[in-house]
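Below is one structure, written out as structure tokens; the observations come after it.
The values are calculated or read from the model by the stated rules, or taken from the named source; none is laboratory data. In this text the structure is predicted, and so the values were computed from the model without any measurement. We place every Cβ from the backbone using ideal geometry, glycine too, and count neighbours over all the protein chains shown. All accessible areas refer to the heavy atoms of the entire protein, side chains included, with ligands and DNA or RNA removed. Shrake-Rupley method; radii C 1.70, N 1.55, O 1.52, S 1.80 Å.
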Amino acid sequence: MALKQISVFLENTTGRLGEVTGTLAKSEINIRAISIADTAEFGILRLIVDNYDKALKTLNSKGFTTRVTDVAAVEIDDKPGSLAAVMELFQNLKINIEYLYASLQGKAGKAVVIFKLEDHTKGMQIIRQNNLPTVESF
């Protein structure tokens, strides 16, 4: 099963990121993982939250432009080489990663890496076949 990521498209102006986080805070939605990529004019804020449905409705009701993407969340040991092993597996099996980001939210001694895979179905199949522990919510 895929984890749902919410992408929020933002103008690159002072305070815009604060508007998103403030909106989520007022609705008691907890951000579990966050990433932002920007250009001179706009940014794409990527979020994993504890209540996906409520967050999406809240953001849309406030006029934010959103998109939902299926991502894979893999739990790895929080130690040197753990991510490299997953990357080597994906490379050897020709799984293209569009982007990734990580969160230490989870079990002690573990990290969660969120992958946007070019072919999500194939990637999830590889993850399952290689017994990589996945996270469906956190």
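What part of the accessible area of segment 1-41, given as a whole %, is carbon or sulfur when the probe is 1.4 angstrom? Before the final figure, lay out the partial values.
Values: 1250 of 2410 Å².
Here it works out to 52 percent.
Remark: the chain projects, on average over all directions, an area of 8.8 nm² (convex hull of Cα atoms). Close amide-amide hydrogen proximity is noted between D78 and K110, A111, each under 5 Å apart and 5 or more residues distant or on a separate chain (H modeled in the peptide plane; Pro and chain starts excluded). For the chain, modelled as a GNM whose springs connect Cα atoms under 10 angstrom apart, the maximal fluctuation among E118, E11, E98 occurs at E98. Accessible area ranking (1.4 Å probe, heavy atoms, ligands and nucleic acids excluded), largest first, for L10, L83: L83, L10.
For the pair T13 and N30 in one chain, pulling the backbone fully straight at 0.36 nm per residue adds 3.8 nm over the alpha carbon distance. The Cα atoms of segment 1-50 give a gyration tensor whose axes a ≥ b ≥ c have a/c of 1.5 or more with a/b no greater than b/c, which makes the shape oblate. Computed from backbone phi with θ = phi - 60° and the Karplus coefficients 6.51, -1.76 and 1.60, the 3J(HN,Hα) list for segment 116-126 is 9, 9, 4, 10, 4, 4, 5, x, 5, 4, 5 Hz; x is used for glycine and proline. Between the Cα long axis of helix 16-26 and the first principal axis of the chain there is an angle of about 90°, rounded to the nearest 10. Once you list every other residue whose beta carbon is under 13 Å from the beta carbon of R16, what net charge do they have if Lys and Arg are +1 and Asp and Glu are -1? Result for the local shell: -3.
The residues of segment 1-113 expose on average 57 square angstrom of accessible surface per residue, using a 1.4 Å probe on protein heavy atoms.
Dipole size of the chain about its Cα centre, with +1 on Lys/Arg Cβ and -1 on Asp/Glu Cβ: approximately 260 debye, rounded to the nearest 20.
Sequence-ordered 3J(HN,Hα) estimates for segment 28-39 from the Karplus curve with 6.51, -1.76 and 1.60 and θ = phi - 60° stand at 6, 9, 9, 7, 9, 8, 8, 8, 9, 10, 9, 10 Hz, glycine and proline given as x.
With contacts taken as Cα pairs under 8 Å at a separation of at least 6 residues, the chain carries a relative contact order of 27 percent. Angle of helix 82-92 to the longest C-alpha principal axis of the chain, folded into 0 to 90 degrees and rounded to 10: 70°. If R0 is 30 Å, the Cβ-Cβ spacing of K79 and D119 corresponds to a FRET efficiency of close to 0.55. Residues whose amide H lies under 5 Å from that of N51, counting only those 5 or more places away or on a different chain, are N30; hydrogens are built 1.01 Å from N in the peptide plane.
Rounded to the nearest 0.05, what FRET efficiency do N130 and V68 have when you use their Cβ-Cβ distance and R0 = 30 Å? Please list the in-between numbers first.
Numbers: r = 26 Å, r/R0 = 0.88.
That pair, N130 with V68, gives E of 0.70.
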